[in-house]
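Here is the structure we will look at, set down as structure tokens.
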Amino acid sequence: MTTDTQVRVKLRSPADIIDAVPYLVGFEPHESLVVLSLRGPRSQLGLTARIDLPGAKSASACARNFVGYLKRDGAARAIIVLYPPSDGILHPSVKPLAAALTKQLTRARIEVCEVLCVCDGRWWSMQCTDAECCPPTGSLIARGATSELAVAMTVEGRVVLGSREELAHMLDPVGGVAATAMAHAIPLVREEFAARVAAGNRREVVAESLDLFRAAVHARLAGVVEELTVDEAARLIAALEYWGVRDELLTWFDGDRGEATRVLLLELVRRSVLPGEAAALTVLAWVCYLRGEGVLAGIAIDRACTADPLYSLAELLDQVLCGAVNPSIFHDTIASAEFRRGLAAEQ
């Protein structure tokens, strides 16, 4: 199977899959169910979906939900990986979930390529009945081994965190003196922007803000980065509330520029310390989603919806994520001339 990352690689074995999954979800899965969608004749990796490991009683309902996600993603095949907390394939959730998922996916004409169980440093292939190939006690996970995908992700700067909680902590706001300074600066910049917009200078505010964003992203691309000043951070955070700025940033999701934009937005989210700061979280969530980082996008959009339940762009992405819509659907639209003309007209 090939992946949708910028560097095309292949996963050739269960060991490759096990090695790659943490990079695909962003952290080491624990007590989890992970399903990989494979599209087309070349088995190109699509949706990677992870949920907390359900109980055996929820196996059928869980399987039906995953079938819906995979069908919407255009899956022709799927890989199932279960991470029980203990007991390997003997954990009470493992076999019922594997059976229900295999049954429902087969009914939907989605081929199940592999069903793996990973636990306590061992893995089992639940489709292999050859004891010499896949012993009942499981196979040891080779320490230090890395798949091509893991190497490619590492080269791109992706890191694997220890848990989903660690990933969520990346969005936690700064504290102490830094928080006090930002809480003072952001309202002042908002007032300045509002006065200028009221005076008919909205385009000027948007243009200045985009220039600041370009400079900050280019600095991160060049690797010469100094932390934003309080005023710079406040101006960028306040600017995200203007659709001329926000919508332009959504077009910066791809390649190295997209990674630099993501890094900048993470910093802005952490420095958006006031209640109701949904804009920075939402723009970060969209950029992560468009880059295929669904888990971080989901965490960010959950926080955005909590901060402002009526923020429409957050509501839209929340619906998109719940529906497991393939982000590539939006790529052509965002890159289109019509979208660009719309941005120009707004600005």
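The values are calculated or read from the model by the stated rules, or taken from the named source; none is laboratory data. Values in this document were obtained by computation on a predicted structure and should not be read as measured data. Virtual Cβ from ideal backbone geometry, glycine too; neighbours counted across all protein chains shown. The area values use the complete protein model at the heavy-atom level, side chains included, leaving out ligands, DNA and RNA. Shrake-Rupley method; radii C 1.70, N 1.55, O 1.52, S 1.80 Å.
Would you check if there is a residue in the range 8-29 being touching a residue at least 12 places away in the same chain (Cβ under 8 Å) and assigned to a strand (DSSP E or B)? Lay out the reasoning, then the answer.
Residues of the range 8-29 touching a residue at least 12 places away in the same chain (Cβ under 8 Å): 9-11, 14-29.
Those still in the list that are assigned to a strand (DSSP E or B) too: 10, 27.
Yes, there is a match, as at least one residue in the range 8-29 is touching a residue at least 12 places away in the same chain (Cβ under 8 Å) and assigned to a strand (DSSP E or B).
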Of the residues in the range 23-39, how many are over 15 Å from P327 (Cβ atoms) and open to solvent by 30 Å² or more (accessible area, probe 1.4 Å)? 4
For the range 88-120, enumerate the residues that are within 26 Å of the chain's Cα centre (by Cα) and among the small types (G, A, S). A98
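Examine the range 143-150 for a residue that is modelled with pLDDT under 95, exposed (fewer than 15 other Cβ atoms within 10 Å of the Cβ) and either β-branched (V, I, T) or not in a loop (DSSP other than H, G, I, E, B) (or both), and state whether such a residue exists.
Within the range 143-150, the subset modelled with pLDDT under 95 is 143-150.
Checking which are exposed (fewer than 15 other Cβ atoms within 10 Å of the Cβ) leaves us with 143-145.
Keeping just the survivors that are either β-branched (V, I, T) or not in a loop (DSSP other than H, G, I, E, B) (or both) gives none.
Checked the range 143-150: no residue is modelled with pLDDT under 95, exposed (fewer than 15 other Cβ atoms within 10 Å of the Cβ) and either β-branched (V, I, T) or not in a loop (DSSP other than H, G, I, E, B) (or both).
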Which of the residues spanning the range 213-249 are modelled with pLDDT of 95 or more, open to solvent by 60 Å² or more (accessible area, probe 1.4 Å) and closer than 16 Å to V287 by Cα? R214
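Across the range 250-297, which residue is modelled with the lowest pLDDT among those that are of a type in the set (G, A, S), part of a helix (DSSP H, G or I) and surrounded by fewer than 20 Cβ atoms within 10 Å (Cβ to Cβ)?
Within the range 250-297, the subset of a type in the set (G, A, S) is 255, 258, 260, 272, 276, 278-280, 285, 292, 294, 297.
Add one more test, that the residue is part of a helix (DSSP H, G or I), and what stays is 255, 258, 260, 278-280, 285, 294, 297.
The next check asks that each one be surrounded by fewer than 20 Cβ atoms within 10 Å (Cβ to Cβ); those that pass are 255, 258.
Working: G255: 84, G258: 90.
Step by step, filter the range 250-297, then rank; the result is G255.
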How many residues are surrounded by 15 or more Cβ atoms within 10 Å (Cβ to Cβ) and β-branched (V, I, T) when one looks only at the range 171-202? 4
Residue list for the range 207-263, filter: touching an Asp or Glu at 6+ places or on another chain (Cβ under 8 Å) and among the aliphatic types (A, V, I, L, M): L210, L212, A216, A219, L221, L228, A233, I237
Quick check on the range 133-142: of everything there that is open to solvent by 30 Å² or more (accessible area, probe 1.4 Å) and over 19 Å from S32 (Cα atoms), which residue is modelled with the lowest pLDDT? A142
